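Worksheet for the structure shown next.
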Amino acid sequence: MSSGTPQSPGTPFPGSAPSSASTGQQTATVLVVEDEPTIATAIAQRLSAEGWRVEVARDGLSGVDAAARLRPDLVVLDVMLPGIDGLEVTRRIQAEQPVPILMLTARDDETDMLVGLGVGADDYMTKPFSMRELVARIKALLRRVDRAAQAAAATPADPPMIMGDVTVDRAQRRVYRGGDEVHLTPTEFELLVMLAGSPKTVLTRERLLAEVWDWADASGTRTVDSHIKALRRKLGPDLIRTVHGVGYAFEPPAL
Ligand code: CA
């Protein structure tokens, strides 16, 4: 993930390519999908000034095409787009390759709606937002991806976690339930590993946010909820218990 040149297309976490010289953040490629020209230009200028390679797409289909062509390290995605909307863009991009997506919404209630749907975005920001905050969140997301890639490279022999009919293969970053592979986004995978690593233990939203997202911001707890929802949808409703007002606990399935 450390260079803009994918070493093995289609393999987003190349365990055989540990980054050494670069932290990944300076050379990262960011795809911005935004139809409002002033916002798109402002974001592109600011991100370029941070040293990232930036490409802008102005509608949903171009965004999907650009993601397939560029294999960006991160996507900043407006939810309201001409053609296909940000939800569909997220589905299509994530089906091709897991990539962190920071979604831009017009209103807080729109964010709530998206969180409720459990779409596969990694973080959400409501317009208007400060460019400073946008940059901080992008850095946090890129740090996390980099860390995950390094962890995967450093510990290739991590044994699979086997809990009932659930298997989490950390070395291969694959998850299975009842023998079938379940495709998770990078964030969903990290969240599952974190929860499954302490079974039957309540982890607070704040702790999950700090550890998985590297972003300690209270408003981000809704992002945690949305990812829990996505995990339940993909893995079944029985694995993660909600402890109201506190957080979540992993419940190993019965054998
Ligand atoms: Ca828009």
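The values are calculated or read from the model by the stated rules, or taken from the named source; none is laboratory data. Only a predicted model underlies this, so the values are computations on that prediction, with no experimental measurement involved. So basically every Cβ, Gly included, is an ideal-geometry build from the backbone, and we count neighbours across all protein chains shown.
Things worth noting here:
- Any hit, region 179-191, residues being assigned by TED's automatic domain parsing to the domain that holds residue 76, in contact with a Lys or Arg (Cβ under 9 Å, 6 or more places away or on another chain) and modelled with pLDDT of 85 or more: no
- Per-region count, region 98-148, residues touching a Pro at 6+ places or on another chain (Cβ under 8 Å) and among the small types (Gly, Ala, Ser): 1
- Residue 102 at pLDDT below 85, surrounded by 15 or more Cβ atoms within 10 Å (Cβ to Cβ) and either of a type in the set (A, V, I, L, M, F, W, C) or assigned to a strand (DSSP E or B) (or both): no
- Hey, residue 120 away from the ligand (no atom under 16 Å from the Cβ) and touching a residue at least 12 places away in the same chain (Cβ under 8 Å) or not: yes
- Within region 63-80, restricting attention to residues that are within 16 Å of the ligand (Cβ to nearest atom) and assigned to a strand (DSSP E or B), the residue that is nearest to residue 128 (Cα to Cα) is 78.
- For region 30-62, the set of residues classified as outside any helix (DSSP H, G or I) and not acidic (Asp, Glu) consists of 30, 31, 32, 33, 51, 52, 53, 54, 56, 57, 58, listed by residue number.
- Search result, residues across region 161-181 that are surrounded by fewer than 22 Cβ atoms within 10 Å (Cβ to Cβ) and touching a Leu at 6+ places or on another chain (Cβ under 6 Å): 164, 177
- Cβ pairs under 8 Å, 6+ apart, first in region 226-255 and assigned to a strand (DSSP E or B), second among the small types (Gly, Ala, Ser): 240/249; 241/249; 243/249; 250/196; 250/198
- Residue check, residue 126 within 13 Å of residue 223 (Cα to Cα), within 16 Å of the ligand (Cβ to nearest atom) and hydroxyl-bearing (Ser, Thr, Tyr): yes
- Among the residues listed as 50, 36, 55, the single one being in contact (Cβ under 8 Å) with a residue 40 or more places away in the chain, of a type in the set (Asp, Glu) and away from the ligand (no atom under 16 Å from the Cβ): 50
- Selected residue (only one of 211, 181, 206, 251 is of a type in the set (D, E, K, R) and closer than 25 Å to residue 91 by Cβ): 181
- Residue 145 fulfils the conditions (1) surrounded by fewer than 20 Cβ atoms within 10 Å (Cβ to Cβ); (2) modelled with pLDDT under 90; (3) among the hydrophobic types (A, V, I, L, M, F, W, C) except for a single criterion, (1).
- Count of residues meeting criterion [hydrophobic (A, V, I, L, M, F, W, C) and within 14 Å of the ligand (Cβ to nearest atom)] in region 81-113: 7
- Filter result (more than 16 Å from residue 125 (Cα to Cα) and either among the aromatic types (Phe, Trp, Tyr) or surrounded by 15 or more Cβ atoms within 10 Å (Cβ to Cβ) (or both)) within region 86-99: 88, 89, 92, 93, 94, 97, 98, 99
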